[in-house]
Amino acid sequence: MIAPPAMVRDGDNTSQTILINAAFLQEIKDSNPNLWLAASELRALCEAEHWDPDTTSQALIKQFVRALGELRDLIAFQFGLEESYGYLRTVGPTPQLANASPDFAEVQQQLQLALEQHQRLYLDLCDLVEQSEELQYRGCDRSAVVSFAEQVAHFTRQMTRHERLEAELIEREL
């Protein structure tokens with residue numbers, strides 16, 4: 001089933017309609033267990049209280065560099081598939097679904113938000129990768145690694161909120 005469209009207006013009075021193919025979007029999510037495993041490993045890596053006291057700060061930051069780089073590549077692939085096949089964009093007049101669906105405006109905002117989150121999450125993750133590489137290059141102490149782990153944990157919470165939003169959109173349509 002396809003969700004009610006989200007309307008996006010650009011400067012020349014043309015409207016863009018965003019539809020969600022809920023079944024296909026769910027299939028895309030189910031088909032990438034490596035992404036969910038990498039995200040889970042990154043969340044676990046952020047838990048400073050579980051770090052081995054004998055592990056050096058450099059060894060920890062090296063783990064972050066590897067985990068963040070892997071997650072960045074997997075998210076780029078995932079978001080590309082989702083935007084290509086899970087979200088459908090059309091250009092033209094407002095579809096009749098807008099008048100038939102009482103929650104059209106809400107769905108419209110959620111679909112647009114989900115797509116905007118893809119870009120924001122990917123860029124935030126790229127920033128974290130760069131920060132981790134810089135920390136690895138210049139060296140850091142344990143408190144810097146703990147502070148960095150807090151930033152990464154914040155990112156993982158943002159990613160989880162995004163996945164909940166998409167799950168709600170999928171469930172609404174299935």
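Cut-off 10 angstrom, C-alpha nodes, Gaussian network model of the chain. Which of 132, 40, 57 fluctuates the most?
Highest fluctuation among the options: 40.
Cβ under 14 Å from residue 70's Cβ, residue 70 left aside: what net charge do those residues give with Lys, Arg +1 and Asp, Glu -1?
Around residue 70, the charge tally is +1.
Mind checking the dipole of region 6-173: about its Cα centre, +1 per Lys or Arg Cβ, -1 per Asp or Glu Cβ, Debye to the nearest 20?
I would put it at about 140 debye.
Ratio of Rg to Rh for region 6-173, alpha carbon only, Kirkwood?
Answer for region 6-173: 1.08.
Please give the helix 33-45 orientation as an angle from the longest Cα principal axis of the chain, in degrees from 0 to 90, rounded to the nearest 10.
Helix 33-45 sits at roughly 40 degrees to that axis.
In a shell of Cβ-Cβ distance under 14 Å around residue 128, excluding residue 128 itself, what net charge do Lys and Arg (+1) and Asp and Glu (-1) give?
Neighbourhood net charge equals -3.
Once the other residues with Cβ under 13 Å from the Cβ of residue 110 are scored (Lys, Arg +1; Asp, Glu -1), what is the net sum?
Cβ neighbours under 13 Å give a net charge of -4.
Can you compute the helix-only [θ] at 222 nm over the chain? Use -39500 (n - 2.57) per DSSP H run of at least 4 residues, normalise by all residues, nearest 500 deg cm²/dmol.
When only DSSP H runs of four or more count, the value is -23500 deg cm²/dmol.
All of the numbers you see were taken from the coordinates with simple rules; none came from a lab. Nothing here was measured: the structure is a model prediction, and the numbers come from that model. Don't worry about glycine lacking a Cβ; one is built from the backbone with ideal geometry, like all the others, and counts go over all protein chains shown.
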